[in-house]
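What follows is a set of notes on a single structure, which appears directly below.
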Amino acid sequence: MMPAVHDVDVAPMDTERLAPFLRPDRAEEFRMLAETGRRRFGGRTVWNVSSTAAGGGVAEMLHRLVRYTKGAGVDSRWVVIDGSPEFFAITKRIHNRLHGETGDDGPLGEDERRVFQEVIADNAKPLLDQVRPEDVVLVHDPQPVGLLPLLRDRGVVAVWRCHVGTETTNECTDDAWAFLRPWVDTAAAAVFSRAEYVPDWIPETRARIIAPAIDPLSAKNAPLDDDAVLAILGRAGILDHSGDGAVFADSDDRERTADLEAQVRRVGGPLSPDVPVLLQVSRWDRLKDMAGVLRAFVDAALGAETGAHLLLVGPDVSGVTDDPEGKQVLDECVAMWEQLPSETRATASLVSLPMDDLDQNAAIVNALQRHAAVVAQKSLREGFGLTVAEAMWKGRPVVGSAVGGIQDQVRDGVDGLLIADPHDLGAFASAARTLLTDPPAAQRMGAAAHERVRDNFLADRDLAQWGTLLADLGVGG
Ligand code: UDP
């Protein structure tokens with residue numbers, strides 16, 4: 001296989017469409033931002049380079065960035081690099097180490113550097129043939145990091161955007177950073193989601209913090225009325241509902257009908273729409289602690305006590321051979337669930353959502369988050385936690401661990417409840433109980449949560465920060 005860069009086609013989204021979702025004073029600021037962007041970037045292309053076009057938070061974020069940048073009238077492109085399986089095994093190792101975990105036990109030495117350089121050299125040619133010195137390139141995550149010095153040598157402003165990080169350092173993080181540093185050092189600036197994630201060797205002047213944001217017009221977050229929510233969840237086989245109107249707007253803003261069936265492990269048939277739901281949507285990743293949510297819920301007998309039902313929802317992992325951990329974690333949850341006494345088992349369901357059609361998947365997640373009474377994110381560690389912003393935007397109060405970006409989003413007692421020790425099952429259950437049994441408080445916090453996201457975690461905020469950063473780097477100035 002000859003590696004090469006591939007274009008990802010993203011339809012522009014008129015920036016005016018975002019205005020109604022913003023705080024009124026921000027709508028005007030956003031118009032001015034679009035105007036300044038058009039002027040500043042006229043005749044230039046803003047490139048994004050990543051290693052995947054679909055699935056995962058980075059792809060979602062890039063889609064949003066590109067659709068609004070284009071919608072503002074700025075030429076923007078997104079390309080994806082190609083690589084060998086050996087290259088991606090190394091990048092996965094780096095990813096794990098940046099999270100403080102060993103991952104596989106392989107080395108990050110000169111041989112791995114050579115593999116990196118070869119892949120980058122193959123991808124660089126088709127990219128450098130197209131990028132002009134006046135363009136800007138945003139390089140996302142470690143995979144394409146090797147492009148940075150090549151772009152700099154061409155006189156192109158190239159910024160590195162790192163989407164991963166942990167608050168604490170250890171040998172693993174040191175190992176990964178030592179590997180990446182020679183390339184990162186050549187970036188015009190390095191952007192992180194939280195200040196705690198910036199390695200100490202990056203000078204303050206070259207580091208920027210831009211928290212992630214969500215797109216209120218994506219299939220994941222676009223408005224759905226109550227009928228559509230019930231119809232989509234009925235169609236998915238999650239709720240007992242057979243109404244029509246299971247329609248949603250996909251990522252290209254086309255109207256589609258939801259037709260995806262979820263795989264649900266439960267006792268009995270679909271859930272009645274009247275049962276209050278405690279929801280956690282996550283990948284089946286140990287650090288999301290789906291098993292801990294189930295344990296806490298059943299040990300505290302929250303189902304019997306509050307009448308609520310727990311839905312643990314994640315991607316379908318059956319047959320996915322490149323994510324052995326996902327399957328393992330799901331299997332462990334299933335085993336724990338199967339061992340419960342049948343009455344308790346009936347208060348919780350495990351749901352797997354097919355990933356073949358990401359828009360269909362997103363529509364179900366959207367409907368689930370809107371239907372939930374309370375949303376949980378009991379992560380043991382978390383980079384940012386887009387699921388939290390997604391739920392808050394939909395006016396749901398969140399019970400979350402006070403880790404990573406969750407604590408930047410949820411104000412304890414205002415938008416939801418934070419658990420200081422993510423391993424404390426009792427504290428988690430008690431917070432969930434509080435919100436499930438006090439609907440007025442849950443509603444109040446949900447309303448605050450929506451405003452919190454509107455003011456801090458929508459696309460206008462991060463686009464403005466990107467604009468400021470590029471202006472500071474002298475682009476178009
Ligand atoms: N997600 C999804 N379907 C699933 C599970 C997760 O679409 O079955 C989405 C979720 O809505 C969110 C993203 O995957 O947009 C996960 O991002 P987050 O930052 O919460 O965690 P990460 O998976 O990046 O660690």
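The values are calculated or read from the model by the stated rules, or taken from the named source; none is laboratory data. Because the structure is predicted, anything quoted here is derived from the model rather than measured. Reconstructed Cβ throughout: ideal geometry from the backbone, glycine too, with neighbour counts over all protein chains shown.
General remarks:
- The one condition from (1) surrounded by fewer than 16 Cβ atoms within 10 Å (Cβ to Cβ); (2) more than 22 Å from the chain's Cα centre (by Cα) that residue 9 does not meet is (2).
- Single condition residue 229 does not satisfy, out of (1) modelled with pLDDT of 95 or more; (2) of a type outside the set (Gly, Ala, Ser); (3) closer than 21 Å to residue 464 by Cα: (3)
- Number of positions in the range 20-52 that are part of a helix (DSSP H, G or I) and of a type in the set (Ser, Thr, Tyr): 1
- Of everything listed in (1) charged (D, E, K, R); (2) away from the ligand (no atom under 16 Å from the Cβ); (3) surrounded by 17 or more Cβ atoms within 10 Å (Cβ to Cβ); (4) closer than 25 Å to residue 377 by Cβ, the single unmet condition for residue 235 is (4).
- Check on residue 21, buried (at least 23 other Cβ atoms within 10 Å of the Cβ) and among the aromatic types (Phe, Trp, Tyr): no
- Top-ranked residue in the range 308-333 [being farther than 23 Å from residue 431 by Cα and assigned to a loop (DSSP other than H, G, I, E, B); ranked as modelled with the highest pLDDT]: 316
- Per this entry, residue 98 is not counted among residues that are more than 16 Å from the ligand (Cβ to nearest atom) and more than 18 Å from residue 463 (Cα to Cα).
- Contact map, the range 60-75: first residue in contact (Cβ under 8 Å) with a residue 12 or more places away in the chain, second residue within 15 Å of the ligand (Cβ to nearest atom) and not small (Gly, Ala, Ser), Cβ cut-off under 7 Å, separation 6 or more or different chains; pairs are 61/212; 62/140; 64/215.
- Residue match in the range 12-23 (condition: out of contact with any strand residue (DSSP E or B) (no Cβ under 6 Å at 6 or more places or on another chain), under 29 Å from residue 359 (Cβ atoms) and of a type in the set (Val, Ile, Thr)): yes
- Considering the range 293-316, the residues that are touching a residue at least 60 places away in the same chain (Cβ under 8 Å) and within 16 Å of the ligand (Cβ to nearest atom) include one that is surrounded by the fewest Cβ atoms within 10 Å (Cβ to Cβ), namely 311.
- Neighbours by Cβ (under 7 Å, 6+ apart or cross-chain): first from the range 208-230, without any contact (Cβ under 8 Å) to a residue 40 or more places away in the chain; second in a helix (DSSP H, G or I) and surrounded by fewer than 22 Cβ atoms within 10 Å (Cβ to Cβ): 209/195
- Taking first residues from the range 7-21 that are free of Cβ contacts under 8 Å to residues at least 40 places away in the same chain and partners that are surrounded by fewer than 18 Cβ atoms within 10 Å (Cβ to Cβ), the Cβ contacts under 6 Å between residues at least 6 apart in sequence or on separate chains come to 19/27.
- Residue 126 more than 21 Å from residue 74 (Cα to Cα), touching a residue at least 60 places away in the same chain (Cβ under 8 Å) and touching a strand residue (DSSP E or B) at 6+ places or on another chain (Cβ under 6 Å): no
- Hits in the range 105-124 - residues which are surrounded by 15 or more Cβ atoms within 10 Å (Cβ to Cβ), under 13 Å from residue 84 (Cβ atoms) and hydrophobic (A, V, I, L, M, F, W, C): 115, 116, 119, 120
- Sole residue being of a type in the set (Val, Ile, Thr), surrounded by fewer than 22 Cβ atoms within 10 Å (Cβ to Cβ), at pLDDT 90 or above and over 17 Å from residue 12 (Cβ atoms), chosen from 36, 52: 36
- Residues of the range 183-211 that are within 13 Å of residue 98 (Cα to Cα) and assigned to a loop (DSSP other than H, G, I, E, B): 198, 199.
- Close pairs (7 angstrom Cβ cut-off, 6 or more residues apart or separate chains): on the phi < 0 side of the Ramachandran plot and of a type in the set (D, E, K, R) in the range 343-358, assigned to a helix (DSSP H, G or I) and away from the ligand (no atom under 12 Å from the Cβ) anywhere: 345/337
- Any hit, the range 454-471, residues being farther than 22 Å from residue 222 by Cβ, of a type in the set (S, T, N, Q) and surrounded by fewer than 23 Cβ atoms within 10 Å (Cβ to Cβ): yes
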